[in-house]
Amino acid sequence: MPGFLEVPGVTPGSGLDRGHLRASMLGGSGERPENLTAIYHFVNNGPMKRIESLVRSKVQAGEIVQYRVTPIYRGNRKIPAFIKIEAKGDRGFQLSQTLRNRP
């Protein structure tokens, strides 16, 4: 499939998604390897999606938001142990959460 990038650790039945660090709803690309990492499905479609939707709602309301997502790895593992999400808006919105990346 053109444009489909494999992500280390993501295999059928692993419970892992090809997770976008910057969500597609926020302009992130699934065709850039630096924007992809292995994120457990529960985390990616639960708390991470809720945070991304909150940030998107602030942007849609006209707030300028600086947004950063950082995978935190332990040792030489290819699957991050944590996903740190930080956002700061020009109208007072602030968010800093670290999600444990586990099933």
message: Yes or no: the stretch 69-83 includes at least one residue that is touching an Asp or Glu at 6+ places or on another chain (Cβ under 9 Å), farther than 18 Å from L5 by Cβ and either modelled with pLDDT under 95 or not hydroxyl-bearing (S, T, Y) (or both).
response: no
- prompt: In the stretch 78-97, what count of residues is obtained for those that are under 25 Å from G15 (Cβ atoms), of a type outside the set (S, T, N, Q) and part of a strand (DSSP E or B)?
  reply: 4
- line: G75 fails exactly one of (1) free of Cβ contacts under 8 Å to residues at least 60 places away in the same chain; (2) more than 11 Å from the chain's Cα centre (by Cα); (3) buried (at least 17 other Cβ atoms within 10 Å of the Cβ); (4) not in a helix (DSSP H, G or I), namely (3)
- request: State whether one or more residues within the stretch 9-24 are in contact with a strand residue (DSSP E or B) (Cβ under 9 Å, 6 or more places away or on another chain), hydrophobic (A, V, I, L, M, F, W, C) and under 19 Å from V55 (Cα atoms).
  value: yes
- line: When every residue in the stretch 20-55 that is touching a residue at least 40 places away in the same chain (Cβ under 8 Å) and outside any helix (DSSP H, G or I) is compared, the one surrounded by the fewest Cβ atoms within 10 Å (Cβ to Cβ) is R22
- prompt: Of (1) under 12 Å from the mean Cα position of the chain (by Cα); (2) closer than 29 Å to P12 by Cβ, Y67 satisfies all except one. Which?
  reply: (2)
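The values are calculated or read from the model by the stated rules, or taken from the named source; none is laboratory data. Keep in mind the model is a prediction, meaning the values are calculated, not measured. Heads up, the Cβs are rebuilt from the backbone with ideal geometry, glycines too, and the neighbour counts pull from every protein chain shown.
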